[in-house]
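Note sheet for the following structure.
The numbers here are math on the coordinates, done by the rules we state, and not lab data. What you are looking at is a predicted structure, and each value in this text was computed from that prediction instead of being measured. Here the Cβ positions follow ideal geometry from the backbone for every residue, glycine too, while neighbour counts run over all protein chains shown.
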Amino acid sequence: MGYDVHAVRARFPALAAGFAHFDGPGGSQVPDSVAAAVAATMTSPLANRGSVTAAERASDEIVLAARCAMADLLGADPRGVVFGRSMTALTFDLARTLAATWSPGDEVIVTRLDHDANIRPWCYAAQEAGATVRWAGFDPRTAELTVADVARELSSRTRVVAVTGASNLLGTRPPLPLIAAAAHERGALVVVDGVHLTAHAPVDVAALGADVYACSPYKFLGPHCGVLAAAPDLLESLEPAKLLPSPDTVPERFELGTLPYELLAGTTAAVDFLAGLDPDASGTRRQRLTASMAAVERYEDGLRRRIEEGLARLPGVTVHSRAAARTPTLLLSFPGRDPHDAYRFLAERGVNAPAGAFYALEASRRLGFGDRGALRVGLAPYVDDGDVDRLLAGLGEFLSGP
Ligand SMILES: Cc1ncc(COP(=O)(O)O)c(C=O)c1O
């Protein structure tokens, strides 16, 4: 049967508004089952996690189910799955916690390809600890971040290498297993920003070499919260600042305050939805997720190629997403034209493809786009050929205009 985009689209109530959504990398639309899971949690008896009342047990089950769902999605251990407000908040907390173990002269590596959420928390943490931040660059002509770019910054003092699984600006997928191997050889931890990658490809945190992997369900059809996955042993070895009466167990000791149970129920529903995207897949949820995310990857790559072919026929478009391995995310500029004009022009025609730097500020600056960025075309499982036609027609009209 294969990937059925019509059946997928039918599950997204927001698509009835008629917009073509190329804004998925900023946050995806949500299927009916995710919204229903959030609503069902909020209209059921609610209590904090516990074991005495039915409401307490329900919250507990929601948390444990969400840890298992995220573990299946990432190939992680559910006992090392931490939930939080956002990937940004989780990374700030982790950086502060790790920095408490650093000494002056220690080093942390960040990359100019990364979203600021995997850069600035490390800069603040390094400053507090008297550690040094070392910057790995990338080649703006090829959009590649190579293992050599990172390896040349490594030393025996490197404590953390913070690197993206995929750039939310360019789509570039750095060679994580090689980068991780080089980092591990020096005894450094590898902290991967998986926010953009998780939405577009099967993920196996161990195969990637990630000691810590952070992502955000609202980028993969779920609600607005953040997730961090690490080996339980690593989390056991860390002592985050926490309230005295809150649990000291792992992963709870990393979860500040009361968890958003309704969003965790929605996260599980999103993972279950993803697992069903390949209707031919069978086996465990992990196996169905791996097959389904591979199906999403193939489907989105097909759309991406159609867009690239269409763009090649338009005069005055430069595509900056050129890495050999990448997600279907295209960064476009229009020499002599303001990408923000294209953004507004398309929006008036019901095509959502925003312009900006999307918090990948260092990358945007390195590409020569400063803080204003360029136009980003992103894909999601519900984007179809009709959407692509509208995008290409809109851009064609924009480029032939004054
Ligand atoms: C690659 C990447 N990393 C990190 C983030 C930040 O995620 P959150 O909004 O959960 O803090 C984003 C959000 O756009 C992103 O695209």
Rounded to the nearest 5, the percent of DSSP beta bridges in the chain running antiparallel is 50 percent
Only helices counted: for the chain, with every DSSP H run of 4 or more residues adding -39500 (n - 2.57) and the sum spread over all residues, [θ] at 222 nm is -12000 deg cm²/dmol
The answer for the per residue Cα convex hull volume of region 1-114, in Å³, is 201 Å³
At R0 = 30 Å the Cβ-Cβ FRET efficiency linking Ala54 and Gln127, nearest 0.05, sits at 0.05
Rounded to 0.05, the calculated FRET efficiency for the beta carbons of Thr43 and His224 at R₀ = 25 Å is 0.85
Per the charge dipole of region 1-126 (beta-carbon charges, Lys/Arg positive, Asp/Glu negative, Cα centre), the residue among Gln29, Ala16, Met70 reaching farthest to the positive end is Ala16
Using alpha carbon centers only, region 91-160 is separated from region 329-402 by a whole-angstrom value of 30 Å
1/(1 + (r/R0)^6) with r = Cβ-Cβ of Asp338 and Glu236, R0 = 51 Å, i.e. FRET efficiency to nearest 0.05, evaluates to 0.50
In order over region 16-25: 3J(HN,Hα) from phi, Karplus 6.51/-1.76/1.60, θ = phi - 60°, whole Hz, x for each Gly or Pro, gives 4, 6, x, 7, 8, 9, 10, 9, x, x
Note: Glu309 to Ala7 extended length (0.36 nm per residue) minus current alpha-carbon separation gives 106.1 nm
Binned at 10 Å starting from 0, the alpha-carbon pair-distance distribution of region 228-312 in whole percents comes out as 15, 25, 26, 22, 10, 2, 0
By the mean-Cβ-within-10 Å protection proxy, highest first, 272-278, 109-115, 282-288 rank as 109-115, 272-278, 282-288
Whole-Å distance linking the alpha carbon centroid of region 205-276 with that of region 23-79 is 11 Å
Between the modelled labels at Ala207 and Ala36 (7 Å from Cα along Cα→Cβ) the distance in nm is 3.2 nm
Quick shape summary for region 229-374, equivalent ellipsoid via Cα gyration tensor, semi-axes whole Å in descending order, reads 39, 24, 15
Out of Ala55, Gly373, His224 - ranked by how far each Cα lies towards the positive end of the dipole of the chain, with unit charges on the beta-carbon of charged residues - the top one is Gly373
Cα-Cα pairs in the chain separated by more than 33 Å, as a whole percent of all pairs, come to 32 percent
